[in-house]
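Computed from the coordinates by the stated procedures, all read-outs in this text should not be read as laboratory data. Because the structure is a prediction, the values reported are computed rather than measured. Note that we place each Cβ from the backbone using ideal geometry, even for glycine, and neighbour counts take in every protein chain shown.
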Amino acid sequence: MSTTHDPRIDILEHARAAYAAMTRVEERIDLDPTIRHLVKLRASQINGCAFCIDMHWTDARADGEDELRLAQLDAWEESPAFDERERAALALTEAATNVAQTHVPDDVWARARASFSEPEMAHLVLQIAAINFWNRVAISARTTPASFREAKAAA
């Protein structure tokens, strides 16, 4: 195995209280489960976070999400599998995840605002921020995806 993929640090072990606090914040985000899964997975795809892609793909499937929709998520703009509300959330997810380049354009915000109430928008923005936080932690620490740990343990 390449050392470039070896874990660097166990964040939970060394920053347990901060990790737990962020977990509690995310638990308080009130968002439709389907939107939550799509947001988490799409931001993780953009950021290239193998740990989070593995986790959120697995979670979405466990909650009944269709494999075809998950497979087409990276091409959501071209796929007929997503409704307008989901598309609005995904557009906002992409813009906010790439905030240094996009600064979240007004048209992207307006599209999301047309599909979500103000409280929903607040929770959607918090969910996008939360998954970007987790992506940055997992990528920086080189956290091994659970399915790879499980496969290695079974071998």
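Descriptive notes on the structure:
- Any hit, region 5-17, residues being part of a helix (DSSP H, G or I), in contact with a helix residue (DSSP H, G or I) (Cβ under 8 Å, 6 or more places away or on another chain) and more than 21 Å from ASN98 (Cα to Cα): yes
- Taking region 105-143 as the range and being outside any helix (DSSP H, G or I) and surrounded by 18 or more Cβ atoms within 10 Å (Cβ to Cβ) as the test, the residues that pass are PHE116, THR143.
- The residue that is nearest to the chain's Cα centre (by Cα), among those in region 27-41 that are assigned to a helix (DSSP H, G or I), in contact (Cβ under 8 Å) with a residue 12 or more places away in the chain and surrounded by fewer than 22 Cβ atoms within 10 Å (Cβ to Cβ), is ILE35.
- Residue count for region 63-99, restricted to those that are in a loop (DSSP other than H, G, I, E, B), closer than 19 Å to ALA112 by Cβ and not hydrophobic (A, V, I, L, M, F, W, C): 4
- Residue match in region 46-62 (condition: of a type in the set (Ser, Thr, Tyr), crowded, with 16+ Cβ neighbours inside 10 Å and part of a helix (DSSP H, G or I)): no
- Residue match in region 127-136 (condition: of a type outside the set (A, V, I, L, M), closer than 30 Å to ILE9 by Cα, in contact with a Leu (Cβ under 8 Å, 6 or more places away or on another chain) and free of Cβ contacts under 8 Å to residues at least 12 places away in the same chain): no
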